[in-house]
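The values are calculated or read from the model by the stated rules, or taken from the named source; none is laboratory data. Since we're looking at a predicted model, the values are computed, not measured. Glycine gets a Cβ as well: all are built from the backbone with ideal geometry, and neighbour counts include every protein chain shown. Only protein heavy atoms, including side chains, enter the accessible area calculation; ligands, DNA and RNA are left aside. Shrake-Rupley method; radii C 1.70, N 1.55, O 1.52, S 1.80 Å.
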Amino acid sequence: MSDHVIPAPQVHVIPTSSGGTFPVRRVYCIGRNFAAHAVEMGHDPNREPPFFFQKNPDNLDASGEFPYPPHSADVHHELELLVGLKSGGTNIPVDKALDHVWGYGVSLDMTRRDLQGEAKKMGRPWEIGKAFERSGPVGPLLPVSEVGHPDHGRIALAVNGDVRQEGDLNQMIWKVPEMISYLSEYFELRAGDVIMAGTPSGVNAVQRGDTMEASIEGVGSLTVKVV
Ligand code: MN
């Protein structure tokens, strides 16, 4: 019998291609990991140390619907490769980092850009712009045994059929093993941690009724309706 004084929250899970579920522990998101996106956001694309923010595990949502969030009039799509870890640790060397990956998927780092912009201006944290309800639409995670470790290939997002974001995974400034290694120097990584690996240029606003179609070559596709 549990001695919890309130009902225990459930472990949040996302689907996998086999029908099993992947329990999510933490969600790390890298900022400005494609040079062209750094430029469009007004920053220097040169390779500075990476930086990360977090979403909440239960922000990840595989329903195929994205409810337009309150208190924003400028909600942007950011298409990103999702990396799911099966193990972790601290101070993981780059050349051992991929041993910790369970699989990959397609995800969206939906962003209340107006609120994020205010937070940046005021020197405040980004959660209000990034870590809101259902702010992380995801497709199923695919195991490494199916997709390998994708490090190149087209990554693109269309809204109502018009291509908005387009790039190649090989344009990522910080590669997946480097991100895992870097994070593990600052945090203890564990099974269930996921990383959103950064977005190519072309981020833009969505409206209710829009359909977002995201794809990453070799990983899959994800269709999400803004409701
Ligand atoms: Mn992002």
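Which of the residues that make up the range 182-200 are open to solvent by less than 10 Å² (accessible area, probe 1.4 Å) and over 17 Å from the mean Cα position of the chain (by Cα)?
Within the range 182-200, 184 is the sole residue that qualifies.
How many of the residues making up the range 1-16 are under 18 Å from residue 80 (Cβ atoms) and either surrounded by fewer than 16 Cβ atoms within 10 Å (Cβ to Cβ) or without any contact (Cβ under 8 Å) to a residue 12 or more places away in the chain (or both)?
Residues flagged as under 18 Å from residue 80 (Cβ atoms) and either surrounded by fewer than 16 Cβ atoms within 10 Å (Cβ to Cβ) or without any contact (Cβ under 8 Å) to a residue 12 or more places away in the chain (or both) within the range 1-16 amount to 1.
In the range 31-40, what count of residues is obtained for those that are more than 10 Å from the ligand (Cβ to nearest atom) and open to solvent by less than 50 Å² (accessible area, probe 1.4 Å)?
Qualifying residue count for the region: 2.
Any idea which of (1) within 16 Å of the ligand (Cβ to nearest atom); (2) part of a loop (DSSP other than H, G, I, E, B) is the one residue 11 doesn't satisfy?
All conditions pass for residue 11, except number (1).
Could you check, for the range 124-147, whether at least one of its residues is within 18 Å of residue 195 (Cβ to Cβ) and out of contact with any strand residue (DSSP E or B) (no Cβ under 8 Å at 6 or more places or on another chain)?
no
Take residue 163 and decide whether it is buried (at least 19 other Cβ atoms within 10 Å of the Cβ), more than 17 Å from the chain's Cα centre (by Cα) and of a type in the set (A, V, I, L, M, F, W, C).
So residue 163 fails the test.
(1) away from the ligand (no atom under 12 Å from the Cβ); (2) surrounded by 19 or more Cβ atoms within 10 Å (Cβ to Cβ): which one isn't true of residue 63, the others all being true?
Condition (2) is where residue 63 drops out.
So, in the range 98-123, exactly how many residues are surrounded by 19 or more Cβ atoms within 10 Å (Cβ to Cβ), of a type outside the set (D, E, K, R) and in a helix (DSSP H, G or I)?
3
Hey, among the residues in the range 73-97 that are outside any strand (DSSP E or B) and within 16 Å of the ligand (Cβ to nearest atom), which one's most open to solvent (accessible area, probe 1.4 Å)?
74
When you look at residue 32, is it within 14 Å of the chain's Cα centre (by Cα) and in a loop (DSSP other than H, G, I, E, B), yes or no?
Judged against the criteria, residue 32 is a match.
Working carefully through the options 164, 190, 208, 134, find the one that is among the charged types (D, E, K, R), at pLDDT 95 or above and within 15 Å of the ligand (Cβ to nearest atom).
164
For residues that are part of a helix (DSSP H, G or I), in contact with a Lys or Arg (Cβ under 9 Å, 6 or more places away or on another chain) and small (Gly, Ala, Ser), tally how many sit in the range 135-189.
1
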